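Got a structure here, written out as structure tokens. Questions coming.
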Amino acid sequence: MSKLRIRLTAFYPDRLDYCAREIVETVKRTGGLVKGPIPLPNKTRKLTVLSSPHVDKDARDQFQSTEHRRLIIVYAGSMDTMNQIELPPEVKVTIDREIGDN
């Protein structure tokens, strides 16, 4: 039985959940088995910038970006159904394929 691991990554959690829901519904409609979406830990990046580098060293601006991630595991699915799904460009999709006796 083949197994697909689909990793979704986005900065907006509502768009990420929409894409995960679309993938799960499409796989179930075609007769595949699905586990997920499984929420993975968020990656948070923080950046501190001097707002006035020549005068006041205590004046700083701080920025933060949070990357939300989900994992969907598909059993007995085909890559053809994955190619038919239209997803927003903000969501990064990575598909790992495993073939085994799972």
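The values are calculated or read from the model by the stated rules, or taken from the named source; none is laboratory data. Predicted, not measured: the structure shown is a model, and the values here were computed from it. Quick reminder, even Gly has a Cβ in these numbers, built from the backbone with ideal geometry, and neighbours come from all protein chains shown.
Please name all residue pairs, on different chains or six or more residues apart, with Cβ atoms under 8 Å, provided the first residue is in segment 79-97 and is at pLDDT below 85 and the second residue is of a type in the set (Gly, Ala, Ser).
Qualifying pairs under 8 Å: Thr81/Gly32; Arg97/Ser2.
Also, quick follow-up: Tell me, yes or no, whether segment 34-48 has at least one residue that is surrounded by fewer than 14 Cβ atoms within 10 Å (Cβ to Cβ), modelled with pLDDT under 90 and over 24 Å from Ser2 (Cα atoms).
No - not one qualifying residue is present in segment 34-48.
Here is a follow-up. Quick one: how many residues across segment 28-60 are closer than 16 Å to Arg70 by Cα and in contact (Cβ under 8 Å) with a residue 40 or more places away in the chain? Quick ask: steps written out before the conclusion?
Initial filter on segment 28-60 (closer than 16 Å to Arg70 by Cα): 34-44.
With the extra rule that they be in contact (Cβ under 8 Å) with a residue 40 or more places away in the chain, the set shrinks to 34-35.
Qualifying residue count for the region: 2.
Within segment 62-85, does at least one residue satisfy the condition of being surrounded by fewer than 13 Cβ atoms within 10 Å (Cβ to Cβ), part of a strand (DSSP E or B) and in contact with a His (Cβ under 9 Å, 6 or more places away or on another chain)? Lay out the reasoning, then the answer.
Of all residues in segment 62-85, those surrounded by fewer than 13 Cβ atoms within 10 Å (Cβ to Cβ) come to 62-66, 79-80, 83-84.
Checking the rest, the ones that are also part of a strand (DSSP E or B) come to 62-66.
Those left that are additionally in contact with a His (Cβ under 9 Å, 6 or more places away or on another chain): none.
No - not one qualifying residue is present in segment 62-85.
Across segment 1-24, what is the total count of residues that are farther than 15 Å from Thr66 by Cβ, surrounded by fewer than 17 Cβ atoms within 10 Å (Cβ to Cβ) and touching a strand residue (DSSP E or B) at 6+ places or on another chain (Cβ under 9 Å)?
Residues of segment 1-24 that are farther than 15 Å from Thr66 by Cβ, as a first pass: 1-7, 18-24.
Those left that are additionally surrounded by fewer than 17 Cβ atoms within 10 Å (Cβ to Cβ): 1-2, 5, 7, 18, 21-22.
Checking which are touching a strand residue (DSSP E or B) at 6+ places or on another chain (Cβ under 9 Å) leaves us with 1-2, 5, 7, 21.
Qualifying residue count, segment 1-24: 5.
Inside segment 1-46, can you point out the residues that are part of a loop (DSSP other than H, G, I, E, B) and of a type in the set (A, V, I, L, M, F, W, C)?
Taking segment 1-46 first, the residues part of a loop (DSSP other than H, G, I, E, B) are 1, 11-12, 30-32.
Across segment 1-46, the qualifying residues are Met1, Phe11.
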